[in-house]
Amino acid sequence: MSTQIVDVIVDLQYGDCGKGKVAHHLCQTKNYTHVLRYNGGANAGHTIFHKGKKFITHQIPAGVFFCIKSVVGSGCVLDPTQFFNELQMLEDGGVDTKGKVYVAENTHIITEAHRNEDGREGVRIGTTGRGNGPAYREKYGR
């Protein structure tokens, strides 16, 4: 029986603690077959310097920079417009994403209605206004 080692990056604070940078470093130093983003939306940005270029990703896992299959898991909420813009930005920057980025079929989608609601209601509680909260509410309230 083979043993697989799994590394998990968890934020025990309030975000913006460098998870993307840690993931990028681990992808450089370990031999992963997959990198999985298991929760979150498009609110946080991960600034990654790769081969002398600066990239800011929001939804696509860092494994894509190293030809590692990168999965957006079902615990995430996905903004399709931003996702495809991000794919294009990576391709334009010389990162080959074809056949390397996967989205779980039951990942919830952020809609324009979610963004509009978050824009109206989010000011009161200080959200990014990207629709994550309303999308998660809909996901878990079904």
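Please treat every number below as a calculation from the coordinates, not as lab data. Fair warning: this is a prediction, and the values are worked out from it, not measured in the lab. Methodologically, a virtual Cβ is constructed for each residue, glycine included, from the backbone with ideal geometry; neighbour enumeration extends over all protein chains shown.
Stretched out straight at 0.36 nm per residue, the stretch from LYS30 to TYR140 would grow longer than its current Cα-Cα span by 36.1 nm.
Exposure proxy for PHE65, PHE49, PHE83, PHE55: other Cβ atoms within 10 Å of each Cβ, ordered fewest to most, give PHE49, PHE83, PHE55, PHE65.
Of the two radii for the chain, the radius of gyration is 0.98 times the Kirkwood radius, both from the alpha carbons; that is the Rg over Rh value. If both residues of a DSSP beta bridge must be in the chain, then about 35% of such bridges are antiparallel. On C-alpha positions alone, give me the angle between the axis of helix 112-125 and the longest principal axis of the chain, in degrees, nearest 10. Roughly 80 degrees, rounded to the nearest 10. To the nearest ten degrees, helix 19-29 and the longest principal axis of the Cα atoms of the chain are 10 degrees apart. Model label points for LYS69 and VAL10, set 7 angstrom from Cα along the Cα-to-Cβ axis, are 2.5 nm apart. If R0 is taken as 25 Å, the Cβ-Cβ distance between ASN116 and ASN85 corresponds to a FRET efficiency of 0.85. Against the chain, whose longest principal axis comes from its Cα atoms, helix 80-92 is set at around 30 degrees.
A Förster radius of 22 Å, combined with the Cβ-Cβ distance separating PHE49 from ASP96, puts the computed FRET efficiency at roughly 0.75. The ranking of HIS25, HIS58 by Cβ neighbour count inside 10 Å, starting from the fewest, reads HIS25, HIS58. Projecting the Cα atoms of THR107, GLY93, LEU26 onto the charge dipole of the chain, computed from C-beta unit charges around the Cα centre, puts LEU26 farthest toward the positive end. Using a Gaussian network model of the chain in which every pair of alpha carbons under 10 angstrom is joined by a spring, one finds that among GLY129, GLY40, GLY73 the greatest mean-square fluctuation is at GLY129.
Taking VAL101, VAL22, VAL71 in turn, the Gaussian network model of the chain (Cα-Cα springs below 10 Å) assigns the largest fluctuation to VAL22. Remark: SER74, SER2 ranked as SER2, SER74, counting other beta-carbon atoms within 10 Å and listing the fewest first. In order along the stretch 127-133, the phi-based Karplus estimate (6.51 cos²θ - 1.76 cosθ + 1.60, θ = phi - 60°) of 3J(HN,Hα) comes to 8, 7, x, 8, x, 4, x Hz; Gly and Pro are listed as x.
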